[in-house]
Amino acid sequence: MKIVILHNLYGEFSHGGAETAVAMMANNYQEQGHKVFLISTCPASQKPQADNKLKIYHLASEFYNLSQHSLAYRLVWQIANLFSVAKYYKIKKILEQEKPDLAITHNLMGLGLLSVRAIHSLKIRHEHFLHDIQLLHPSGLMIWGQEKKISSPTARLYQYWSKNIIGSPQRVISPSRWLLDMHSNNGFFKNSELLFKPFVWPQSTNAITTKNNPAKNFLFIGQIEEQKGILFLIDSFKKIPGAELTLNIAIRGGGKDLATARQLAANDSRIKFLGPLSYEETDKIKKLNDCLIVPSLCYENSPTVIYGGQAADLKIIAAKLGGIPELMKPEDEFFQPGDKQDLIRVISKLI
């Protein structure tokens with residue numbers, strides 16, 4: 001079978017866990033003997049690196065650098081993205097040339113929602129994989145305490161458009177029940193097969209069991225952006241005494257708040273910034289730590305960082321938010337989102 005995967009970022013342009021999941025999906029299908037190719041985006045000013053394992057079509061888009069632009073620019077860009085006829089025809093031409101049997105769409109911001117119409121016009125079987133709330137709100141984010149944003153008049157107008165464009169793919173897959181229910185409750189995918197399918201993560205080699213020992217080394221992995229809770233985590237950790245403690249911040253995918261995070265941590269030598277790191281480098285770092293902290297202030301679907309932490313036998317400390325509770329094991333620890341005292345309580349309990 002020939003499969004096309006559509007996702008807005010890949011390879012050196014990866015931002016986070018969604019890209020890791022897409023890479024694993026492509027690899028798994030190839031190992032099963034299927035022919036796989038990818039349609040993604042890259043900045044017009046950057047030539048993407050060649051991938052010897054996967055055929056990739058890159059369409060020029062500002063999505064990768066979008067956060068660096070003004071609010072007015074982003075608003076105009078989002079409107080253009082919704083009605084990108086040029087992307088529609090480019091994607092349709094690729095599909096006509098390649099003739100895939102199955103199209104699996106992931107995050108389409110930057111590729112344009114009309115890319116779905118290109119798939120449907122050619123009568124290709126369509127499956128959609130949910131990673132966040134991009135169909136409910138163009139930001140793809142819902143911050144703790146700001147839940148009403150997806151019910152605003154502008155959000156409802158956006159949802160009306162996105163709902164009619166994406167329609168009902170033959171199958172819709174989500175690794176969390178929470179995200180699947182969010183879309184179902186807002187009237188999406190009425191005629192689709194809905195499939196709850198958590199990620200399957202490979203066990204890390206030489207994982208070291210440290211769960212029963214007092215914790216000393218704590219790890220954060222991800223983008224350095226406020227909604228990921230990194231500034232909140234640094235501020236909380238600074239209030240915990242103990243010269244033997246360390247907070248290792250493994251940078252994945254950069255982040256616009258890196259300078260702010262470094263400044264906030266400047267007076268605490270226990271807080272160390274590592275990277276940016278590759279996936280392989282991050283995997284090695286896990287083995288040197290006792291606990292993984294996921295302090296998100298935004299609603300998460302099914303964070304791949306938790307799967308990776310559990311595969312490395314790390315105890316997980318995470319905000320009780322979105323789809324995160326579905327992943328947690330009895331020995332893992334929750335704290336209330338954005339509650340510094342509660343996070344301090346949990347960390348203090350483990351040291």
Among the listed pairs LYS90/LYS163; LYS148/LYS286; LYS35/LYS287; LYS55/LYS197; LYS148/LYS190; LYS47/LYS190, give every one whose C-alpha distance is greater than 30 Å. LYS148/LYS286; LYS35/LYS287; LYS47/LYS190
Neighbour-count ranking for HIS183, HIS15, HIS69 (other C-beta within 10 angstrom, fewest to most) reads HIS69, HIS15, HIS183
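Semi-axes, largest first, in whole Å: what does sqrt of 5 times each Cα gyration tensor eigenvalue give for the range 2-196?
Details: eigenvalues 122, 84, 54 Å².
Semi-axes (√(5λ), whole Å): 25, 20, 16.
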Would you list the membrane-span-like helices of the chain, meaning whole DSSP H runs whose alpha-carbon atoms span at least 15 Å along their axis and whose mean Kyte-Doolittle value is at least -0.5? 17-31, 71-82, 340-350
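Determine, for PHE189, PHE237, the number of other Cβ atoms within 10 Å of each Cβ, and report the residues in order from fewest to most. List each step's numbers first, then the result.
Values: PHE189 21, PHE237 25.
Lowest to highest Cβ neighbour count: PHE189, PHE237.
Kirkwood Rh, Cα Rg: Rg to Rh for the range 298-351? Don't skip to the end; give the middle numbers.
Numbers: Rg = 10.9 Å, Rh = 11.5 Å.
Checking Rg against Rh, the ratio lands at 0.95.
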Amide H to amide H, which residues 5 or more places from CYS298 or on other chains are under 5 Å from it, using H placed in the peptide plane? TRP144
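In units of 2.2 N^0.38 Å, what is the alpha-carbon radius of gyration of the range 6-99?
On the way: Rg = 14.5 Å, N = 94, 2.2 N^0.38 = 12.4 Å.
The reported ratio for this selection is 1.17.
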Using Cβ contacts closer than 10 Å as the measure, can you line up GLU225, GLU333, GLU280, GLU96 from fewest to most? GLU280, GLU96, GLU333, GLU225
List the residues, sorted by chain then number, that are 5 or more residues from LEU6 or on another chain and whose placed amide H is less than 5 Å from its amide H. ILE39, ILE104, THR105, HIS106
Using only the Cα atoms, what convex hull volume per residue in Å³ does the range 57-167 have? 108 Å³
Can you pull a Stokes-Einstein diffusion coefficient for the range 177-306 at 37 °C (0.692 mPa s), Rh from Kirkwood over Cα pairs, as a whole number of µm²/s? 197 µm²/s
For the range 217-350, what is the percent of antiparallel DSSP beta bridges, rounded to the nearest 5? 0 percent
Restricting things to alpha carbons, tell me how big the chain is in terms of Rg and Dmax, in Å. 20.5, 62
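Bear in mind these aren't lab numbers, they're just calculated from the coordinates by the rules spelled out. Everything numeric in this text was worked out from a predicted model, so none of it was measured. A quick note on method: Cβ atoms are made from the backbone with ideal geometry, for glycine too, and the neighbour counts reach across all protein chains shown.
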